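Peer 1: Let me begin by handing over the structure; questions about it come next.
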Amino acid sequence: MKYMLIMRATDEAFKTMADVDFTEMLETVGRFNDEMIRAGVLVAAEGLDDAAEGVVVDHGSEVPVVTDGPYGETKELFGGFYILNVASKEEAIEWAKRSPITGPGFKTEIRRVTTIDEFPQDNEWVKKERAWRESTGQL
């Protein structure tokens, strides 16, 4: 089963990261990533750029509205993610507990990644997506 570990932090928590030596942070996170690689559970991991560089496309009206970041009402920012292939939600939780990025304002949200097999297989669009995934080696 695949699970996404969504790394979230408040603005204040992100500010505390500014005081951490970047080389030290790379070493700390690198060791954690290496543990997951050696355990054979890491599928993908990415960080995200500063929220001030992002945009939001709001589909709440007939014509979507695009707003530049930072996001005014956001209490916690999504800073990056891991995708793990593990046996259970409990195993994903155990990996999340081992995250080296800790402290007040840091959280990890865990969500199961659904698979194409969970959708109606007789649907035309599901068939097309399955064919694309097979042709690109994703299945």
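The values are calculated or read from the model by the stated rules, or taken from the named source; none is laboratory data. Bear in mind the structure is a predicted one, so any value in this text is a computation, not a measurement. Glycine gets a Cβ as well: all are built from the backbone with ideal geometry, and neighbour counts include every protein chain shown. For accessibility, only protein heavy atoms count, side chains too; no ligands or nucleic acids. Shrake-Rupley method; radii C 1.70, N 1.55, O 1.52, S 1.80 Å.
Peer 1: Just to confirm the filter: which trypsin sites (Lys or Arg not before Pro) across the stretch 45-139 are DSSP coil and have at most 16 other Cβ within 10 angstrom of their Cβ?
Peer 2: Those satisfying the criteria are LYS75, ARG98.
Peer 1: Separate question: If each DSSP helix of 4+ residues adds -39,500 (n - 2.57) and the sum is divided by the residues in the chain, what number results at 222 nm, nearest 500 deg cm²/dmol?
Peer 2: -10000 deg cm²/dmol
Peer 1: Using a 1.4 angstrom probe on heavy atoms only, work out the carbon and sulfur share of the accessible area of the chain in %.
Peer 2: 54
Peer 1: Can you give the longest stretch of the chain with no exposed loop site, where a site means GluC sites (Glu not before Pro) in a DSSP loop (not H, G, I, E or B) with at most 10 other C-beta atoms within 10 Å?
Peer 2: Between exposed loop sites, the widest span is 74-139.
Peer 1: So for the chain, if I pair up every lysine 8 or more residues apart or on another chain, how many of those pairs have alpha-carbons under 29 Å apart?
Peer 2: Within the chain, the lysine pair count is 16.
Peer 1: Rg (Å, one decimal) plus Dmax (Å, integer) for the alpha carbons of the chain?
Peer 2: Over the chain's Cα set, Rg and Dmax evaluate to 18.1, 54 Å.
Peer 1: Can you compute the FRET efficiency between ILE37 and ASP58 using 1/(1 + (r/R0)^6), with r the Cβ-Cβ distance and R0 = 41 Å? Round to the nearest 0.05.
Peer 2: 0.60
Peer 1: How big is the dipole moment of the chain about its Cα centre under a simple scheme where the beta carbon of each Lys and Arg is +1, that of each Asp and Glu is -1, and everything else is neutral? Debye, nearest 20, please.
Peer 2: Taking the Cα centre of the chain as origin, the dipole is about 600 debye.
Peer 1: A follow-up question, please. So what is the accessible area of the chain per residue, in Å², with the probe set to 1.4 Å?
Peer 2: So the chain comes to 71 Å² accessible per residue, rounded to a whole number.
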